[in-house]
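Novice: I am attaching a structure below and will ask some questions about it afterwards.
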Amino acid sequence: QVQLIESGGGLVQTGGSLRLSCAASGRTFSGYAVGWFRQTPGTEREFVAAISWIDSIPRYADSVKGRFTISRDNAVKATVYLQMNSLKPEDTAVYYCASGDTSSTWYRTYAYWGQGTQVTVSS
């Protein structure tokens, strides 16, 4: 059983940066994909970014392209990061990392989820 733990959320002003981390325990991410999603009250989880350990090709939602970067720790293979720059108030949400077989944009394809970390961007 894999457990995912997110960290790095917090309060930041518009234009600021945060780096989220997703750490796995129980197994590594090798051979799997990791996705970041976000959710605000009353909405479905929204795809943000994903990366596969197989092809290492990152995928991004249009709303975050050029501002967010997903990366992985190739040495330990148990941590994935989401660097968020030029943050906007509309980026405010609970951010979740998830692990699955493919780097899909659909949240239901991911089997394992972290508990989420709050990101708040003030205007």
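The values are calculated or read from the model by the stated rules, or taken from the named source; none is laboratory data. Predicted model only: the values in this text are computed from it and were never measured. Ideal geometry is used to build each Cβ from the backbone, glycine not excepted, and the neighbour counts take in all protein chains shown. Protein only, heavy atoms only, side chains kept; ligands, DNA and RNA dropped before computing areas. Shrake-Rupley method; radii C 1.70, N 1.55, O 1.52, S 1.80 Å.
Novice: Testing the spin-label approximation: label points 7 Å from Cα along Cα→Cβ at THR120 and THR102. State their distance in nm.
Specialist: Each label point lies 7 Å from its Cα, and together they span 3.8 nm.
Novice: Now for a separate question. Can you tell me how much longer the chain between ILE54 and ALA75 gets when fully stretched, taken as 0.36 nm per residue apart minus their C-alpha distance, in nm with one decimal?
Specialist: 6.1 nm
Novice: How much length is gained if the chain between SER63 and SER7 is pulled fully straight, taking 0.36 nm per residue apart and subtracting their Cα-Cα distance, in nm to one decimal?
Specialist: 18.0 nm
Novice: Provide the per residue accessible area, probe 1.4 Å, for the chain, rounded to a whole number of square angstrom.
Specialist: Value for the chain: 49 Å² per residue.
Novice: If I take R0 = 22 Å and measure r between the Cβ atoms of ALA111 and GLU46 in this structure, what FRET efficiency does the formula 1/(1 + (r/R0)^6) give, to the nearest 0.05?
Specialist: E(calc), rounded to 0.05, equals 0.75.
Novice: Quick one: with all protein chains in place, what share of the accessible area of the stretch 1-106 is carbon or sulfur, to the nearest percent (1.4 Å probe)?
Specialist: Taking all protein chains in place, the stretch 1-106 shows 49 percent carbon and sulfur surface.
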